[in-house]
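Here the structure is laid out as structure tokens; the discussion comes afterwards.
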Amino acid sequence: VVLCIFAFGMLVGYLFFAGEGEDMANALSSMRWPWLVLAVLMVVGYWFFESVCMQIFSRDMFPKFRFRDTFLCTIIGQYFNCITPLSSGGQPFQAYYYNRFGMPLSKSMPMLVSRFVTYQVATSAFCALVLLFRLHYFVEENSALTTLVVIGFIGGLGLLLMLLAIAFWRNGIVKLMTWAFKLAGKMHIVKDPEKRIVDTTKTIDDAYNEMRYMMKKPRLFARSIAVTFVQLLEFFAISYVIMRGLGCDGDFLTVISCQAFVYMISSFVPTPGAMGAAETSYALFFSTIYPSASFVALSTFIWRFLTFYFPIVTGMLVTLAVNRGDAVRAQEANKNLE
């Protein structure tokens, strides 16, 4: 709640200072609410496609798990992704709630790792296509951001290459990691390097097993990649729908490219929800498309509200509802025992 209040206050402040009197009034008066309702539905659609991807793996690993519970775990995961640095909290809490809904951790953890791998593959491929077809436009329009885009893409590609290295060069990665921790221990940079080696080796082994698992099931892998491509296209298109909701028009491919570049830049910013970087990069990229600063500020506000605050509020309510439901059932069970 504190995080939301602080970040939302900053966003409102940006809207107030970036807006320009009459232009802001014109932007507000031109809003087309059906388009904005569609944007909300597209956010829910992003959760739906994420749940479909998870259910693809669930049907293979734990067939009796219900899609309804998968969807709830997805919403909860989105909530914890938003409030933790680098979206690091989403998967651990998803695994916890999968377990509460009846799926063993021995099934949910491999499933989540598999989903992480397919998401990274799909996003790297999607962003590579965007760079291939639209980078020249932004070099001409806003060359200062090109370096940040390339750095963001290299970061995502580097993560993907690391996963592939684990799949095909597991022993070499373990040896390299062991050498690095021992050296850090001798330099007194890392305490208890042996424990770090054991823990990291286990993590590498888990990732290795999941990579090998997916390589043995190419159809499963391909289905998840295909759904993720649709998911990303739908998610990036939210910005286009917001644009139409503000009474503006623009080239669909350019808007999609802007949003993909925002994603590339903000993905590796170590603040909850890429706070600060997401808003700044969005405003900078879309300043080349919207007719005035007021439209840019208003679209930034709406986009951030839908993709950051809306998942937080929805995920918080779902999490509280699930917890309360479990507590009520536990109380009833205790009464029956008495």
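Before moving on, here are some points about what is shown:
- Scanning the range 213-243 for residues that are within 22 Å of Tyr282 (Cβ to Cβ) and among the aliphatic types (A, V, I, L, M) yields a count of 7.
- Out of Glu210, Glu140, one residue alone is in a helix (DSSP H, G or I), of a type in the set (Asp, Glu), surrounded by 16 or more Cβ atoms within 10 Å (Cβ to Cβ) and out of contact with any His (no Cβ under 8 Å at 6 or more places or on another chain). It is Glu210.
- Test result for Met264, open to solvent by less than 10 Å² (accessible area, probe 1.4 Å), at pLDDT 90 or above and part of a helix (DSSP H, G or I): no
- Near pairs, Cβ below 8 angstrom, 6+ apart or cross-chain, from the range 1-16 (in contact (Cβ under 8 Å) with a residue 24 or more places away in the chain) to any residue that is open to solvent by 70 Å² or more (accessible area, probe 1.4 Å) and of a type in the set (A, V, I, L, M, F, W, C): Cys4/Val313; Leu11/Phe305
- Qualifying residue in the range 65-78 (condition: at pLDDT below 90 and more than 14 Å from the chain's Cα centre (by Cα)): no
- Selection of the range 89-116 for residues being open to solvent by 50 Å² or more (accessible area, probe 1.4 Å) and touching a Pro at 6+ places or on another chain (Cβ under 9 Å) yields an empty set.
- Scanning the range 267-281 for residues that are within 23 Å of Met24 (Cα to Cα) and either surrounded by fewer than 19 Cβ atoms within 10 Å (Cβ to Cβ) or in contact with a Cys (Cβ under 8 Å, 6 or more places away or on another chain) (or both) turns up Gly276, Thr280.
- Residues considered: Phe168, Phe126. Of these, the only one that is aromatic (Phe, Trp, Tyr) and either within 24 Å of the chain's Cα centre (by Cα) or modelled with pLDDT of 80 or more (or both) is Phe126.
- Scanning the range 118-125 for any residue that is without any contact (Cβ under 8 Å) to a residue 60 or more places away in the chain and over 29 Å from Tyr290 (Cα atoms) turns up at least one such residue.
- Set Phe49, Phe8, Phe62: member being surrounded by 15 or more Cβ atoms within 10 Å (Cβ to Cβ), of a type outside the set (A, V, I, L, M) and farther than 22 Å from Leu306 by Cα: Phe62
- From the list Ala226, Ala207, the lone residue that is under 20 Å from Gln120 (Cβ atoms), small (Gly, Ala, Ser) and over 19 Å from the mean Cα position of the chain (by Cα) is Ala207.
- Lone qualifier among Phe71, Phe80 - being aromatic (Phe, Trp, Tyr), touching a helix residue (DSSP H, G or I) at 6+ places or on another chain (Cβ under 6 Å), assigned to a helix (DSSP H, G or I) and open to solvent by 40 Å² or more (accessible area, probe 1.4 Å): Phe71
The values are calculated or read from the model by the stated rules, or taken from the named source; none is laboratory data. Since the structure is predicted, the reported quantities are computational estimates derived from the model, not experimental observations. Glycine also receives a Cβ, built like all others from the backbone with ideal geometry; neighbour counts cover every protein chain displayed. These accessible areas exclude ligands, DNA and RNA; they are computed on the full protein's heavy atoms, side chains included. Shrake-Rupley method; radii C 1.70, N 1.55, O 1.52, S 1.80 Å.
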